[in-house]
Amino acid sequence: MNFAICDDCARDIQALRLLLEQYCQNIGNTSHIDDYPSGETLLAAGNLTRYDVFFLDIYMDGLSGLQIGKTLRELSPQSSIIFITSSEEHALESYGLQAEGYLVKPVDFSDLATLLNRRLSHLPRAEETLRIISNRLTLDIPIFQILYIEVFNKKSLIHTPEGVFTTYTPLAKLSQDLPSEHFMRCHKSFLVNMEAIISTGKDAFLLKDGTSIPISTRESKRLRELYNDWFWAKARRS
């Protein structure tokens, strides 16, 4: 698993690093951990989609953890965010950012393990991929990176933060190949990753990258209820 820790306290970074290494050792997984002393250095690092989980200290000089979290939701929408704080007063704001949860310092190993176990159970892992043929090449696209898929000129366009991939594989087949607990066929021409949705309207879903995805008029009520049920189930798990 790939982790990023953003905290301006070196001692707290080291303590969390040791806990993460212990957790990954316990589950038989390898870990890669990068640490950043400020939000500015984290956001300047680039290629943020490589991280499975961000740990953000809420109280820092410069950008706060909450400000960083809002930006990360746009730059790396499929990564998990866990806030670290010395108090619980910002807990509700973390839910607004669809964070995996928050941890109170000093971080307890069992609390950390609970959040990470939940992440592993309910989110596509970085190594899970969708295999397609594009321009006569076989490509494996990380599932967690897919924002939505649309049909245009008899082609399926797979949208990710890294770019758009084109394939002649029908949308119905792609829908079968992707996990139904995360992807919704919201329109005859669109398949959307529910992790990428930030708000719902009567006729469209708004995604974290600013894209508006149409909702089938005939199925509007059912689809919006389906997303709301998914969202609150995820919130309860957090």
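A short reminder: the numbers here are calculations on the coordinates, not readings from a lab. Worth saying up front: this structure is predicted, and the values here are computed from it rather than measured. All Cβ positions, glycine included, derive from the backbone under ideal geometry; neighbour counts span all protein chains shown.
Can you work out the Karplus-derived ³J(HN,Hα) for every residue in the stretch 39-48? Use 6.51 cos²θ - 1.76 cosθ + 1.60 with θ = phi - 60°, whole Hz, and x for glycine or proline.
x, 4, 5, 5, 5, 7, 5, x, 6, 6
Build a GNM of the chain with springs between Cα atoms under 10 Å: which of Arg136, Arg73, Arg185 gets the top mean-square fluctuation?
Among Arg136, Arg73, Arg185, the largest GNM mean-square fluctuation belongs to Arg136.
What is the magnitude of the charge dipole of the chain about its Cα centre, with +1 placed on the Cβ of each Lys and Arg, -1 on the Cβ of each Asp and Glu, and no other charges, expressed in debye to the nearest 20?
Values: 25 positive and 30 negative charges, 288 e Å.
Charge dipole, the chain, about its Cα centre: 1380 debye, nearest 20.
I'd like to know which of Gly28, Val164, Thr71 lies farthest towards the positive end of the charge dipole of the chain, counting +1 on Cβ of Lys and Arg and -1 on Cβ of Asp and Glu.
Val164
Estimate the FRET efficiency between Glu21 and Glu181 by the formula 1/(1 + (r/R0)^6), using the beta-carbon distance for r and 45 Å for R0, to the nearest 0.05.
Working: r = 30 Å, r/R0 = 0.66.
After rounding, the FRET efficiency stands at 0.90.
With the cut-off at 1.5 for a/c, could you classify the stretch 2-122 from its C-alpha gyration tensor as rounded, prolate or oblate?
rounded
Using a basic spin-label model with each label point 7 Å from the Cα along Cα→Cβ, how many nm lie between Trp230 and Asp140?
Taking the simple label geometry, Trp230 and Asp140 are separated by 2.5 nm.
Please find the FRET efficiency linking Asn153 to Phe109, where r is the Cβ-Cβ separation and R0 is fixed at 35 Å, and quote it to the nearest 0.05.
The pair Asn153/Phe109 has a calculated efficiency of 0.10.
Quick check on the chain: helices-only [θ] at 222 nm, where DSSP H runs of length 4 and up contribute -39,500 (n - 2.57) each and the sum goes over total residues. Nearest 500, please.
After summing the helix terms and dividing by the residues of the chain, the value is -10000 deg cm²/dmol.
From the square roots a ≥ b ≥ c of the eigenvalues of the alpha-carbon gyration tensor of the stretch 108-238, which class results: rounded (a/c under 1.5), prolate (a/b over b/c), or oblate?
Values: a/c = 2.26, a/b = 1.23, b/c = 1.83.
Oblate, because a/c is 1.5 or more while a/b does not exceed b/c.
Given points 7 Å out from each Cα along the Cα-Cβ axis, report the Glu162 to Thr41 separation in nanometres with one decimal.
Label-label distance for Glu162 and Thr41, simple model: 2.7 nm.
Using alpha carbons only, how many angstrom separate the centre of the stretch 26-46 from the centre of the stretch 191-223?
Taking the Cα centre of the stretch 191-223 as reference, the centre of the stretch 26-46 is 31 Å away.
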